[in-house]
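Read-outs throughout are calculated quantities, based only on the coordinates presented, and are distinct from any laboratory measurement. None of these values were measured; they are calculated from a predicted model. As a convention, Cβ positions derive from the backbone with ideal geometry for all residues, glycine included, and neighbour counts pool all protein chains shown.
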Amino acid sequence: MSDIRHFLTLLDFSPQELQQLILRSIEMKQAYRAGKDQRAFPGSVLAMFFAKSSTRTRVSFEAGMAQLGGHAMFLSAQDTQLGRGEPIEDSAKVISSMVDIVMLRTFGHDIVERFAAHSSVPVINALTDDYHPCQLLADMQTWTEHRGSIAGKSACWVGDGNNMCQSYINAARQFDFELRIACPPGFEPDSALLKANSDRVIIEHDPATAARGADLVVTDVWASMGQENEQRERAQLFARYQVNSELMSLAASDALYMHCLPAHRGEEISAQLMDAPDTVIWDEAENRLHAQKALMEMLLLSNRA
């Protein structure tokens with residue numbers, strides 16, 4: 001099974017493959033809007049396992065697989081043996097013997113790694129506690145559509161050093177840009193990941209300093225799934241880490257801002273920016289569909305070879 005391609009982090013693809021994937025995403029979006037038939041994989045089945053709730057991930061993967069001519073199967077922890085203690089390795093062997101591709105949205109990153117290690121078909125990480133690479137494909141597609149190449153640019157992450165932040169660190173490496181992370185002390189991303197990318201990633205606890213001159217400003221909720229009981233405490237600690245017009249005035253004059261959604265308006269991002277007529281946040285959300293279609297196409301074709 002070692003020759004099966006998986007997408008668990010951005011590092012599973014080369015920078016060149018990622019660039020090709022982004023261009024293909026844009027191409028598939030244009031074809032979709034032109035009403036072109038994209039059913040290249042009739043009869044293919046995507047198994048979607050959700051241990052965490054979802055809106056954009058489920059809708060984009062399910063719609064995307066249907067548009068590719070296949071079928072998406074929703075599996076939840078409550079309704080499968082995976083949620084009742086069956087070993088991940090056993091579930092992986094069985095499920096992958098019946099479907100063409102698998103997508104998991106779960107907690108520990110080790111779960112997708114163990115599943116992939118025993119899967120006979122490609123596995124996609126649709127979010128773990130450590131990484132959210134599919135969202136980065138959508139973000140990079142959005143940037144490319146609006147600004148061209150991000151290579152050599154500077155991005156500023158504002159907020160918690162969470163799975164999105166850690167995927168942005170990988171993106172800085174793979175797409176060749178500088179990343180400044182503005183987070184409260186004690187909420188930094190993984191130290192080993194920071195050390196491995198110290199040539200292009202810096203921690204700057206002051207959001208104003210981090211955002212100054214940035215080409216892209218990105219944020220996410222202050223309390224991720226599973227951290228809801230910390231919401232009140234985090235709201236106090238993160239109070240000055242809001243992306244708003246004042247912060248954006250320090251960034252480059254043509255800077256974009258992004259949010260993976262769902263957003264808490266008035267917390268990590270102002271309602272004014274969410275509702276601004278020139279925001280790219282809604283493009284970013286839609287691009288989950290197109291980026292993941294391109295990703296599934298690449299993985300399905302790789303498994304046919």
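What angle, in degrees between 0 and 90 and rounded to the nearest 10, separates the Cα long axis of helix 56-67 from the longest principal axis of the Cα atoms of the chain?
Helix 56-67 and the main axis of the chain meet at about 40 degrees.
Under a 10 Å cutoff between Cα atoms, tell me which one of Leu193, Leu261, Leu23 has the largest fluctuation in the Gaussian network model of the chain.
Leu193
So what's the Cα pair-distance distribution over the stretch 8-140, bin width 10 Å, in %?
Pairs per bin, as whole percents: 12, 41, 37, 10, 1.
How high is the FRET efficiency between Ser191 and Asp37 when r is their beta carbon distance and R₀ equals 35 Å, given to the nearest 0.05? Let's see the in-between values first.
Details: r = 49 Å, r/R0 = 1.39.
So the FRET efficiency works out to roughly 0.10.
With springs only between Cα atoms under 10 Å apart, run a GNM on the chain and tell me which of Ser60, Ser25, Ser91 wobbles the most.
Largest GNM mean-square fluctuation: Ser91.
Could you identify which residue out of Ala235, Ala276, Ala252 has the top mean-square fluctuation in a GNM of the chain using Cα springs shorter than 10 Å?
Greatest mean-square fluctuation among the candidates belongs to Ala276.
May I ask for log10 I(q)/I(0) of the stretch 161-305 at q = 0.13, 0.15 Å⁻¹, from a Debye sum over the Cα atoms as equal point scatterers with solvent left out?
The Cα Debye sum returns log10 ratios of -0.64, -0.84.
Out of every Cα-Cα pair in the chain, what percent are more than 35 Å apart? Please report the intermediate quantities before stating the final value.
Numbers: 7976 of 46360 pairs.
Distances greater than 35 Å cover 17 percent of the Cα pairs.
Suppose we look only past 14 Å in the calculated P(r) of the stretch 185-259. What percent of the Cα-Cα pairs does that tail hold?
Here the long-distance tail beyond 14 Å is 67 percent of all Cα pairs in the stretch 185-259.
Cut-off is 10 Å between beta-carbons; in what order do Thr55, Thr219 appear when sorted fewest neighbours first? Each step should come with its number before you reach the end.
Numbers: Thr55 10, Thr219 28.
Lowest count first: Thr55, Thr219.
Once both axes come from the Cα atoms, what is the angle between helix 15-33 and the longest principal axis of the chain, in degrees from 0 to 90, rounded to 10?
80 degrees
If one takes the longest principal axis of the Cα atoms in the chain, at what angle in degrees, from 0 to 90 and to the nearest 10, does the Cα axis of helix 163-175 lie?
90 degrees
Among Lys29/Lys195; Lys52/Lys93; Lys93/Lys293; Lys36/Lys93; Lys93/Lys153; Lys52/Lys153, which pairs are too far apart, with a Cα-Cα distance over 31 Å? If you can, show how the numbers build up before the last one.
Details: Lys29/Lys195 37 Å; Lys52/Lys93 22 Å; Lys93/Lys293 24 Å; Lys36/Lys93 36 Å; Lys93/Lys153 43 Å; Lys52/Lys153 33 Å.
Among Lys29/Lys195; Lys52/Lys93; Lys93/Lys293; Lys36/Lys93; Lys93/Lys153; Lys52/Lys153, the Cα-Cα distance tops 31 Å for Lys29/Lys195; Lys36/Lys93; Lys93/Lys153; Lys52/Lys153.
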